[in-house]
1. Which of the lysines could be linked to Lys12 by a straight reach, that is with a Cα gap under 25 Å, when you skip same-chain ones fewer than 8 residues away?
2. Can you tell me the Rg and the Dmax, both Å, for the Cα atoms in the stretch 2-203?
3. For Arg171 and Lys5 in the same chain, what is the full-extension length gain: residue separation times 0.36 nm, less their Cα-Cα distance, in nm?
4. Test of the criteria: in the stretch 115-208, which GluC sites (Glu not before Pro) are in a DSSP loop and have at most 10 other Cβ atoms within 10 angstrom of their Cβ?
5. Taking 22 Å as R0, compute the FRET efficiency from the Cβ-Cβ separation of Thr27 and Ala111 and round it to 0.05.
6. Rounded to whole Å, give me the distance from the Cα center of the stretch 174-192 to that of the stretch 42-102.
7. How large, in Å, is the stretch 3-62 by the Kirkwood hydrodynamic radius built from its alpha-carbon pairs?
8. Would you mind getting me the FRET efficiency between Glu197 and Arg75? Use the beta-carbon distance for r and R0 = 22 Å, nearest 0.05.
Amino acid sequence: MYILKSQKYASKDNYVEVLGMPSSGKTTLVGNMKKNDPGSIDVNASLPKSKFGRQAIKLLYMAQLFMRSPRAFVRDTKIILSSGQKNTKDLYSVLSNWHLNARLYALKNDADHLYIWDQGLFQAVWSIYFCGSKEFDAIELFENKLLPGKVHFADASDAELVRRSRNRSRRMRLNYLNQGELEKGRYALEKTMHLIEEIGYIEKQEST
């Protein structure tokens, strides 16, 4: 678990992100958190389930974010464009996921609930690293953003990731049977973890 100690960024203690490779155990970790705190809210699970509904909410929140903070919206878009995404589909995916989460963070204001993201801002950055071909100013993306007070890390061995991916019904962006993609996913995760530390998160051992 990583706790934000930097005074440079605004954060909320009741905002938690879970970061990890696909099939690394993020959903299980979220489930355990919800058992320990029955009043917690799984933010990503509360979004529309259908593909059309999810895309509609993304476009709505992107529009709201642009009207609310046009300069930040354009700046973030330019930074993500500079990452050299492989194709238009990947570009739309990483752009919409980033802006969606930036907007979701601004909407959650109830201090009485724990809000959990398993596809939050840092997972969005992992996707940008994974699908991109160029270096980009990731730290700049977090300027004036409200950040989670804690980030939990989910991980598994390469062999376990391959095994779990075979049991998933939904097709993943990352093909673990392709060694090159697996290595790129690990590299993207390493970059994201370095970014977390650069922002000012400190690793803390969780009590058992």
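Values in this text are rule-based calculations from the coordinates and carry no lab data. It should be emphasised that the depicted structure is a prediction, and the values quoted were computed from it without experimental measurement. Ideal geometry is used to build each Cβ from the backbone, glycine not excepted, and the neighbour counts take in all protein chains shown.
1. Result set, ordered by chain and number: Lys26, Lys34, Lys35, Lys58, Lys108, Lys145, Lys150, Lys191, Lys204.
2. 16.3, 46
3. Contour length minus the Cα-Cα distance gives 56.1 nm.
4. Numbers: sites: Glu135, Glu140, Glu143, Glu160, Glu181, Glu183, Glu190, Glu197, Glu198, Glu203, Glu206; in loops: Glu135, Glu143, Glu206.
When the GluC sites (Glu not before Pro) of the stretch 115-208 are filtered for loop state and at most 10 Cβ neighbours within 10 Å, Glu206 remain.
5. Working: r = 26 Å, r/R0 = 1.16.
The calculated FRET efficiency here is 0.30.
6. 23 Å
7. Working: mean 1/r = 0.0712 Å⁻¹.
Final number for the Kirkwood radius of the stretch 3-62 is 14.0 Å.
8. Values: r = 23 Å, r/R0 = 1.06.
Efficiency, rounded to the nearest 0.05: 0.40.
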